[in-house]
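See structure below.
The values are calculated or read from the model by the stated rules, or taken from the named source; none is laboratory data. Only a predicted model underlies this, so the values are computations on that prediction, with no experimental measurement involved. When we count neighbours, we look across all protein chains shown, and the Cβ atoms used for this are built from the backbone with ideal geometry, even at glycine. Each accessible area value is taken on the protein alone, full model and side chains, heavy atoms only, with ligands, DNA and RNA left out. Shrake-Rupley method; radii C 1.70, N 1.55, O 1.52, S 1.80 Å.
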Amino acid sequence: AAATRAMFARSASRRPGILRFELASSGGEEIAASDPGEVGLDSIDWASAALASSDRALIAPVSRDHPHVILGYPIRDDSGRTLGALGLFVDLQSLQDAFDSVPLAAGAVVTVTSVDGRILMRSINPERFVGSLAPGEPRQGVAPPHRAVGLDGVERVYAEALAAVGWRASGGMPMAIA
């Protein structure tokens, strides 16, 4: 466990967007982590979702100083038996910072939501919307291009796409310039 903690600590120091690496047993108990749990992330139950997942699990954002998500991956042997899980605690602010560097037309918006409809990133007023639930029921798949009034009251033409981790990216262009 000490060698794993040291490896996690080295990896985390080179990836500031990762708040914590954690390795869990097949029973969901922590085996090793990149930190001693001082930042309050050690009390989050993520392993059960990762262990039950066929590929990976996205655990909804948790608020601390700012939202983060946990990507949980089951660890399997060659026969497919689940041995444990790896959790990556991802700082959404680091993703938001990268997101903010993309130039957009005036009034255009890009929003990324989780499977349950929680807003993970948003190009306009992220401090107001990130961590909240998008209006309406969460849905599977993507909607075809459509007109709608956004969370900020602006009418836009929207298009959507799904990311491999189950996140939905939605881009909207104001009707005034579309």
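Annotations for the structure displayed:
- For the range 42-178, a simple Cβ point-charge model (Lys and Arg +1, Asp and Glu -1, everything else neutral) yields a dipole of about 340 debye relative to the Cα centre.
- Vicinal HN-Hα couplings computed from phi for the range 171-178 (Karplus, 6.51 cos²θ - 1.76 cosθ + 1.60; Hz; Gly/Pro x): x, x, 10, x, 4, 5, 10, 6
- Accessible-area composition of the range 64-155, carbon plus sulfur, in percent [1.4 Å probe]: 56
- Note on the range 83-159: semi-axes of the ellipsoid equivalent to its C-alpha gyration tensor, largest first and rounded to whole Å, are 24, 17, 11.
- Between ALA105 and SER132, the FRET efficiency from the beta-carbon distance, with R0 = 25 Å, is close to 0.50.
- Close amide H contacts of ILE18 (hydrogens built in the peptide plane, cut-off under 5 Å, sequence separation of 5 or more or a different chain): ASP91.
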